[in-house]
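The next block holds one structure in the form of structure tokens; read it before the comments.
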Amino acid sequence: MIDFLSNPEWIRPQMDFLVFLQNIRINSPILLDKLFLVITIFGEIWLPTLVCAIVYWCIDFKKGIYLFSLESLNRFFAHFLKMIACVYRPWVLDSRIHPSELAVPFAKGYSFPSGHSAMSSSVFGGIAYLMRKNKILCLSLICLVLLIGFSRLLLGVHSPQDVICGLLIGFILVFAVKPIVDWAEKDAKRYMILLAVIDIIVIAALIYTYFFAEYRMDYVSGELLVNPQKLRYVTVVEFGYALGLINGCYLCARYCPFEPKDVPVKQRIIRGIIGAIGIIILLKYIFGYILMNCIKIRYAFLVTFFLGIIITLIYPVIYTKIIKKI
């Protein structure tokens, strides 16, 4: 565990800043909470996946692979850090912090780093990097990323260290992943080498966090502040989904690549609409059901892995085959 992240001398100025923001929020209409909850949604699990998928299915296959690589690796690094740092939420570290009641149900588990900040800076930061020649769009996306990070502070569910680290994870991935993906694109066989390396690293990290890592076991009124067993479960689910996404798109790139621009715009729009509905169903209901009901861990891993495969391999391949027959 990284103790300095929750050291009082280190955390006190951050908590003072959160109290300052809290006073602004408390003295503002409830509409402010709701507004920043809407902004926060852009860092949730289903929306970044949807954005990556639309690019992958309907706009540019290779750019979609890059974005899905960012999303998948972000899920891995962010959750791995959460599990080895074991930093509690701001209201646990400082009794002065009273987070937005609307945000608390979606802010369970450890706090460091901010998953919303990491996800938004990787996916939307990746799009900004790809579209950097369009200054207005690039700046707008960067502002969105910063707003999402700020929303986590204003709602009181993360400290500045959580948000800053989350942003750094995303932005580092944006620049680090691009040359690696470009290298693989030069020869489709390289995707298999890259995939093997990623799978080995992620599975090794999963084994470590599930079986060997030590976690805080602090009690308040006889109840655990954070249940490590529950978070181990969430980590397995997230890792399974991330592996499904990246395995699916790399296998697709190796064995059945497609080019969205070869399909008429009308068909791409239909593909995007059908796929978007599917993603919402898969992630908001099936993925959500798994997390809520804690089905057996091996089944949870397999199901979430398969969800990723459906999005990045099965759906685009089936839809492409159908279009060719029409």
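Only the coordinates and a few stated rules stand behind these numbers; no lab work does. Remember, it's a predicted structure, so these values are computed and weren't measured experimentally. Here the Cβ positions follow ideal geometry from the backbone for every residue, glycine too, while neighbour counts run over all protein chains shown.
Could you grab me the full set of residues in the range 162-215 that are surrounded by fewer than 13 Cβ atoms within 10 Å (Cβ to Cβ), more than 30 Å from residue 143 (Cα to Cα) and of a type in the set (D, E, K, R)? 186, 187, 189, 214, listed by residue number. Residues in the range 104-128 that are within 18 Å of residue 72 (Cα to Cα) and in contact with a Phe, Trp or Tyr (Cβ under 7 Å, 6 or more places away or on another chain) were compared, and the one that is surrounded by the fewest Cβ atoms within 10 Å (Cβ to Cβ) is 125.
Under the condition of being surrounded by fewer than 24 Cβ atoms within 10 Å (Cβ to Cβ) and either over 11 Å from the mean Cα position of the chain (by Cα) or free of Cβ contacts under 8 Å to residues at least 60 places away in the same chain (or both), the residues counted in the range 66-81 number 2.
Quickly run through the range 204-250 and pick out the residues that are among the aliphatic types (A, V, I, L, M), out of contact with any helix residue (DSSP H, G or I) (no Cβ under 6 Å at 6 or more places or on another chain), part of a helix (DSSP H, G or I) and in contact (Cβ under 8 Å) with a residue 12 or more places away in the chain. If the condition is that a residue be among the aliphatic types (A, V, I, L, M), out of contact with any helix residue (DSSP H, G or I) (no Cβ under 6 Å at 6 or more places or on another chain), part of a helix (DSSP H, G or I) and in contact (Cβ under 8 Å) with a residue 12 or more places away in the chain, then 231, 234 are the ones that fit. Whenever a residue of the range 156-168 is touching a residue at least 60 places away in the same chain (Cβ under 8 Å) and at positive phi, its partners that are of a type outside the set (Asp, Glu) and in a helix (DSSP H, G or I), lying with C-beta atoms within less than 9 angstrom and at least six residues away or across chains, give the pairs 156/18; 156/21; 156/22; 156/25; 156/90; 156/91; 156/104.
Residue 221 falls short on exactly one of the conditions (1) over 19 Å from residue 47 (Cα atoms); (2) of a type in the set (Gly, Ala, Ser); (3) surrounded by 16 or more Cβ atoms within 10 Å (Cβ to Cβ), and that condition is (3). Of all the residues in the range 77-111, those that are within 19 Å of residue 163 (Cβ to Cβ) and outside any loop (DSSP other than H, G, I, E, B) number 15.
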